Amino acid sequence: MGKMEKGSWKIIFWSIILTFITSFATMALGNLLFHTGFVENSNAVHTGPILARIQHLVLLSISLIGEELITASVAFPLYHLLAEKMSSKQAWIIAGLISAILFGLMHLKIYHGNLYQCIVVIGLTRLPFNYAWRKTNSLWGGIIGHIIYDLVIFIPAMFIV
């Protein structure tokens, strides 16, 4: 949770772009291979008065910080454990993959048990945010990227009829 390194905004920007690319690519691949529709996040779209929608966005942003902290609480201890047995790079890749998969599994209820969507589309496409942690030397890199990414997706769904 320390201060991000100089130039971190570039890393955050590219992590968001890469997350969009991998998200759309994995959705297209899922449709091609499995002919599955994707379940809409039942918590994402909120209707009602504008103030309630804004409140929902604020609460969403706070919950995203929690998601990052939970994911990091898996990734970092696992990384340190694995780094004793293998190279730092290999340990980071494995810890990142496992924590990303667990991150995706946290969304099973919201996406009604759609394993492909949760593990691949939600889980693995969060890897750029894990990378942002490492390159910015702060969890804030992933937190900021994750919040901006989700707001770009949810704001149109909440405010454009």
Quiz prompt | Helical contribution to [θ] at 222 nm, DSSP H n ≥ 4, -39,500 (n - 2.57), averaged over the chain, rounded to 500 | solution = -24000 deg cm²/dmol
Quiz prompt | Where only alpha carbons of the stretch 8-160 are counted, the Rg and the Dmax (Å) | solution = 15.9, 54
Quiz item: Which whole DSSP H helices in the chain pass both tests: a Cα extent of 24 Å or more along the axis and a mean Kyte-Doolittle value no lower than -0.5?
Solution: 8-34, 50-83, 88-105, 139-159
Practice problem: Quick one: among Ala52, Ala72, Ala95, which has the greatest mean-square fluctuation in a GNM of the chain with alpha-carbon springs under 10 angstrom? | Solution: Ala52
Quiz prompt | Segments 78-91, 113-126 sorted - mean Cβ within 10 Å per residue, highest first | solution = 113-126, 78-91
Practice problem: Using a 1.4 angstrom probe, figure out how much accessible area the chain has per residue, in square angstrom, rounded to the nearest whole. | Solution: 57
Quiz item: For the chain, what's the relative contact order in percent, using C-alpha pairs closer than 8 Å and at least 6 residues apart?
Solution: 41
Quiz item: Between Ala83 and Phe159, 0.36 nm times their residue separation minus their Cα-Cα distance comes to what?
Solution: 22.8 nm
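Within the stretch 57-137, what whole-number % of the accessible surface is contributed by carbon and sulfur, with the 1.4 Å probe and all protein chains included in the calculation?
It is 72 percent, rounded to a whole number.
The values are calculated or read from the model by the stated rules, or taken from the named source; none is laboratory data. All of these numbers come straight from a predicted model, not from anything done at the bench. Because the Cβ atoms are built from the backbone with ideal geometry, glycine has one as well, and the counts that use them run over all protein chains shown. Just the protein is used for accessible areas: all its heavy atoms, side chains included, with ligands, DNA and RNA removed. Shrake-Rupley method; radii C 1.70, N 1.55, O 1.52, S 1.80 Å.
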